[in-house]
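The values are calculated or read from the model by the stated rules, or taken from the named source; none is laboratory data. As the structure is a prediction and not an experimental result, all values here were calculated from the model. Cβ coordinates were reconstructed from backbone atoms using ideal geometry, including for glycine residues, and neighbour counts include every protein chain displayed.
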Amino acid sequence: MIAAAPLTIEQPAYFDRLAEIETRHWWALGMWRLASHWLRAALRGRNGLSALDVGCGTGQTALRLARRPEIDRVVGLDPSPEALEHAQRRHPFPLVRGSAVELPFADSRFDVVTCFDVLQHVGPGDDRRAIAELYRVLQPGGIALVRSNARARGRTSVEGYRLRELIDRFNDNGFQVMRASYANFLPALLQEARGRFSAGSSGRTDRRKGARKQGHPAGGGLQIRLPHPWINQIMRGVSTVEAGIAGCTPIPLPYGHSTVLLARRRG
């Protein structure tokens, strides 16, 4: 049986699948739990805030931001007209077509900026420009919440970051990094172990490379699908525990498929 090719952003079904994943998949729900823990602590006591979601896709993150009691106004930005059309059918907030490396907003416009799974997709070197743009549109003291793929061994930083690399990128652009952690620890560990076991069971180099690639989700289009409901429920429990550890304690997860960072624009 030949595995279905991953969806790419040019295909109409891409955003339908993405919307389904964002609202129902254990991975997306766990990621937002972690984000919620950090936002709750960082925004405690504040209200009437404005927020920007860079790379808003189908708009689910922007909708979740709009539901937060601290936030009054949300803007979504994405380079894809198909994504914005999809988001506009579902949500009432303002939507803007634009690039993460040249945000079409005035300086110090927002109190909160989210940027999920965008930095690994901009061109080589443009991630620094994108981070500088996040800094520019934030008010002094404003909060940036960012997620990216974690970089597997032997891969280039274009496909993701080691956590230390992501922290250094933000520190170099004037941010104060408040929290940083890997995420999706247990599934990443299991995939890595499975990849290493598969590689060890074959003496051929091409098999070892193939197993290593299978053990990490970076790149290759939208490959994720909804699992069986009972698997989804079990993994929701796992992701809830992990989000609680990384989000409510000072202990970052040491490994995972994603890197997550919360940073403040210095005054």
Residue tally, condition more than 15 Å from VAL260 (Cα to Cα), out of contact with any helix residue (DSSP H, G or I) (no Cβ under 8 Å at 6 or more places or on another chain), surrounded by fewer than 19 Cβ atoms within 10 Å (Cβ to Cβ) and of a type in the set (D, E, K, R), over the stretch 114-138: 3
Any hit, the stretch 243-258, residues being within 16 Å of the chain's Cα centre (by Cα), at pLDDT below 90, buried (at least 17 other Cβ atoms within 10 Å of the Cβ) and assigned to a loop (DSSP other than H, G, I, E, B): no
Residues within the stretch 85-102 that are without any contact (Cβ under 8 Å) to a residue 24 or more places away in the chain and not polar (S, T, N, Q), tallied: 7
Residues located in the stretch 231-242, provided they are of a type in the set (A, V, I, L, M) and crowded, with 19+ Cβ neighbours inside 10 Å: MET235
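If you scan the stretch 99-139, which residues turn out to be at positive phi and not hydroxyl-bearing (Ser, Thr, Tyr)? I'd like the intermediate steps shown before the answer.
Of the residues in the stretch 99-139, the ones at positive phi are 108, 117, 125.
The answer is ASP117, GLY125.
Does LEU119 satisfy the criteria of being hydrophobic (A, V, I, L, M, F, W, C) and either at pLDDT 95 or above or in contact with a Pro (Cβ under 7 Å, 6 or more places away or on another chain) (or both)? If you could, list the steps in order and put the result at the bottom.
On the way: hydrophobic (A, V, I, L, M, F, W, C): yes; either at pLDDT 95 or above or in contact with a Pro (Cβ under 7 Å, 6 or more places away or on another chain) (or both): no.
So LEU119 fails the test.
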All positions within the stretch 112-131 that are outside any loop (DSSP other than H, G, I, E, B) and under 16 Å from the mean Cα position of the chain (by Cα): VAL112, VAL113, THR114, CYS115, PHE116, LEU119, GLN120, HIS121, ASP127, ALA130, ILE131
Those residues of the stretch 122-147 which are among the aliphatic types (A, V, I, L, M) and more than 17 Å from LEU39 (Cα to Cα), in sequence order: VAL122, ALA130, ILE131, ALA132, VAL137
Selection count where residues are farther than 25 Å from LEU34 by Cβ and assigned to a helix (DSSP H, G or I), scope the stretch 75-85: 4
Considering residues of the stretch 49-67 that are of a type in the set (Ser, Thr, Tyr) and over 19 Å from ARG136 (Cβ atoms) only, the residue nearest to the chain's Cα centre (by Cα): THR61
Any pair with Cβ under 6 angstrom, 6 or more apart, that starts in the stretch 51-68 at a residue that is closer than 15 Å to MET31 by Cβ and ends at one that is part of a helix (DSSP H, G or I) and of a type in the set (Asp, Glu): GLN60/GLU22
Members of the stretch 28-72 that are buried (at least 19 other Cβ atoms within 10 Å of the Cβ), in a strand (DSSP E or B) and not charged (D, E, K, R): LEU49, ALA51, LEU52, VAL54, ILE71
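Could you tell me whether the stretch 97-111 includes any residue that is in a loop (DSSP other than H, G, I, E, B), β-branched (Val, Ile, Thr) and modelled with pLDDT of 95 or more? Show your work before the answer.
Our first condition is that a residue be in a loop (DSSP other than H, G, I, E, B); within the stretch 97-111, this holds for 98, 100-101, 103-109.
Among the residues that remain, those that are also β-branched (Val, Ile, Thr) are: 101.
Now restrict to residues that are modelled with pLDDT of 95 or more: 101.
Yes, the stretch 97-111 has at least one match.
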Lone unmet requirement of (1) on the phi > 0 side of the Ramachandran plot; (2) surrounded by 19 or more Cβ atoms within 10 Å (Cβ to Cβ) for ALA87: (1)
ARG46 being basic (Lys, Arg) and over 19 Å from the mean Cα position of the chain (by Cα): yes
